[in-house]
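The values are calculated or read from the model by the stated rules, or taken from the named source; none is laboratory data. Given the structure is predicted, the values throughout are model-derived calculations rather than measurements. As a convention, Cβ positions derive from the backbone with ideal geometry for all residues, glycine included, and neighbour counts pool all protein chains shown.
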Amino acid sequence: MSTFDEIKEILRESLFPSDGQCVLCKRLLIFERSPFCFYCMGKVHWIGESVCEKCGKEEIYGHTRLCLDCNYNIHNYHQGIALFTYTREGKKIIQDIKFQGNKKLGRDLGDKLGQKIKTKNWDEIHMILPVPLHPNRERERGFNQSWEIARGITKSISSPLVNNLLIRVRDTPHQTDLTKRERERNIKNAFSVKDQQLVVGKTILLVDDVYTTGSTINECGKVLMDGGAEKVYFAVLAIGQR
């Protein structure tokens with residue numbers, strides 16, 4: 001982001017604060033100390049304690065500690081967490097960040113995500129990497145939502161936030177209407193590590209906005225592990241249910 005864009009954002013937030021209204025219903029926030037009114041806070045499907053111990057999805061298959069997907073598929077990460085499920089309200093939150101340019105909401109929820117990470121018994125995280133957008137997509141949107149979420153995480157996690165180490169080398173089509181297999185083919189070979197020496201032996205936290213089929217996180221994890229990373233965790237705001 002340019003200095004001019006940063007000044008514009010500061011002025012906009014000063015005159016029309018994005019946290020002055022509930023993100024979901026647009027009611028004025030008076031006593032609430034969150035982006036949501038009390039009513040909408042209860043409508044968001046926040047992730048509870050009973051989750052898949054691999055991907056963090058709120059689904060357990062049979063007598064295992066894993067969801068159906070993690071029971072039958074190998075993933076290129078050690079463990080992951082999410083704040084809420086990608087259902088109706090969750091989708092509205094993500095859309096507000098990505099398509100309405102609500103970067104502050106991304107950072108605020110990233111802070112909550114960082115607090116949740118601190119409760120996990122994870123190895124020391126050496127660096128935080130936001131899942132990158134292709135330069136064409138980032139120019140079109142004006143920012144990378146994963147970067148803003150990762151900035152929020154650094155309020156709770158002291159690990160360095162590193163930009164342009166994991167890069168997107170292929171501008172892939174949107175994945176919204178694709179099946180799991182189509183997404184895997186679509187995202188294959190879309191990422192690269194700019195300097196592999198920087199990831200060798202490191203424990204890395206990947207940050208993205210949404211985990212649905214896991215194709216994007218898996219492909220990023222593969223590239224990092226192939227580059228010599230010791231362990232890859234991930235943190236997302238929203239996660240699918242199945």
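Structure values in brief
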| read-out | value |
| --- | --- |
| Among (1) surrounded by 19 or more Cβ atoms within 10 Å (Cβ to Cβ); (2) modelled with pLDDT of 95 or more, the one test that G214 misses | (2) |
| Residues (within 24 Å of the chain's Cα centre (by Cα) and within 18 Å of G106 (Cβ to Cβ)) located in segment 27-66 | R33, S34, P35, F36, C40, M41, V44, W46, I47 |
| Cβ pairs under 6 Å, 6+ apart, first in segment 127-141 and free of Cβ contacts under 8 Å to residues at least 24 places away in the same chain, second assigned to a strand (DSSP E or B) and surrounded by fewer than 17 Cβ atoms within 10 Å (Cβ to Cβ) | none |
| Check on L178, surrounded by 13 or more Cβ atoms within 10 Å (Cβ to Cβ), assigned to a loop (DSSP other than H, G, I, E, B) and free of Cβ contacts under 8 Å to residues at least 12 places away in the same chain | yes |
| Residue in segment 160-167 that is more than 29 Å from D108 (Cα to Cα), without any contact (Cβ under 8 Å) to a residue 40 or more places away in the chain and either assigned by TED's automatic domain parsing to the domain that holds E124 or in a loop (DSSP other than H, G, I, E, B) (or both) present | no |
| Test: R65 is out of contact with any strand residue (DSSP E or B) (no Cβ under 7 Å at 6 or more places or on another chain), exposed (fewer than 15 other Cβ atoms within 10 Å of the Cβ), without any contact (Cβ under 8 Å) to a residue 40 or more places away in the chain and under 23 Å from T203 (Cβ atoms) | yes |
| Segment 206-233 - residue that is more than 27 Å from L105 (Cβ to Cβ) and not in a loop (DSSP other than H, G, I, E, B) and, of those, farthest from the chain's Cα centre (by Cα) | D226 |
| Any hit, segment 204-218, residues being closer than 18 Å to K91 by Cα, aromatic (F, W, Y) and in contact (Cβ under 8 Å) with a residue 60 or more places away in the chain | yes |
| Total residues in segment 68-94, condition of a type outside the set (S, T, N, Q) and farther than 27 Å from K202 by Cβ | 11 |
| Any chance E53 is loosely packed, with under 15 Cβ neighbours inside 10 Å, touching a Lys or Arg at 6+ places or on another chain (Cβ under 7 Å) and farther than 20 Å from N144 by Cβ | yes |
| Segment 75-125 - residue that is among the hydroxyl-bearing types (S, T, Y) and touching a residue at least 12 places away in the same chain (Cβ under 8 Å) and, of those, surrounded by the fewest Cβ atoms within 10 Å (Cβ to Cβ) | T87 |
| Among (1) under 16 Å from the mean Cα position of the chain (by Cα); (2) over 27 Å from K202 (Cβ atoms) - the single one I128 does not satisfy | (2) |
